[in-house]
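Below is one structure, written out as structure tokens; comments come after it.
Nothing in this text is a laboratory measurement; each read-out follows from the coordinates by a stated rule. Nothing here was measured: the structure is a model prediction, and the numbers come from that model. Glycine also receives a Cβ, built like all others from the backbone with ideal geometry; neighbour counts cover every protein chain displayed.
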Amino acid sequence: MKKHKGLKITALVAVILLILLSVWKLQSAPDVHARVPEDNTFTNAAQLANYLELGYFENSYGPISLTKAVLDDGEERDVWLVCLRGWEPNKFFNNNGWTSCMQSGNNYKSSYYRRIKEVLMEHVPEGEALVFAGHSLGGMVAEQLIGDLELKSRYDILYTVTFGSPLVEYETEKEGVLNLLGDRNDPVISLSSDTHYTYYFPIHEESSHIEDGTECHMDSYLSEEVWGAYDVVGQEDGTVRLTVDPETRVFYQAWMWS
């Protein structure tokens, strides 16, 4: 038992180091602007990943954002798009830090989890429909939130798509359709205490042929060449579309004192 626990801790420390390196590389590279179609309609996962990644480049942006949108999955519905970024090591007083990585990876509720839930409860009216999109730690926390009993009773959670996130809280009953997208060269997708359950809940895998694992963790999901065959909610060869209203997008900070 002690040996197993030690292996889990070692794996999670590796996650932190990999994410630290990947985010540093991303923030030191030229800006990558979100490829938002002129009609603001996302038809594939890479377009949504670019929209999600936008906030990494501006320190004034918070890691949480809400956008009003219209989902078309056979019927058109008004939804709230909930975007959650991963760890940002240059923001020392944020809740989306290394402690949250450790807690989420071991299926504990982190301060980042509680902050996101607080934002939802304060700003999204009861009875509304939600679509979650998260990268790295953001995707891990999204997986936890869609199993939260209070949120499941308050909202209609339709879809969740994650980019470069391992499976967490496998045994928790999650609401809506969950799709995990992971590049085969991204080491982060296999690092959590629930990794062994991916046999029963597989991650949709593609390969960008980016050999550097830290670069792959950030860059693969922005590529339409890799993820263009997956629709906006992460379904391979799917047809779901999401039209966002960018004027309604609001970012929220995740300060430790917020």
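Where the centroid of each part is defined by its Cα atoms, how far is the range 200-258 from the range 146-196 in Å?
With the range 200-258 and the range 146-196 each reduced to a Cα centre, they are spaced 13 Å.
What net charge do the residues around SER104 carry, taking every other residue with its C-beta under 11 Å from that of SER104, with Lys and Arg at +1 and Asp and Glu at -1?
-2
From the mean inverse distance of alpha carbon pairs (Kirkwood) and the Cα radius of gyration, derive Rg over Rh for the range 153-196.
Reported Rg/Rh (Cα atoms, Kirkwood Rh): 1.02.
With Cβ to Cβ distances under 11 Å as the rule, what net charge do the other residues near ASP156 carry (K, R +1; D, E -1)?
Result for the local shell: -1.
Using the Cβ atoms and a cut-off under 12 Å, what net charge is assigned to the surroundings of VAL250, where Lys and Arg are +1 and Asp and Glu are -1?
Around VAL250, the surrounding residues sum to -1.
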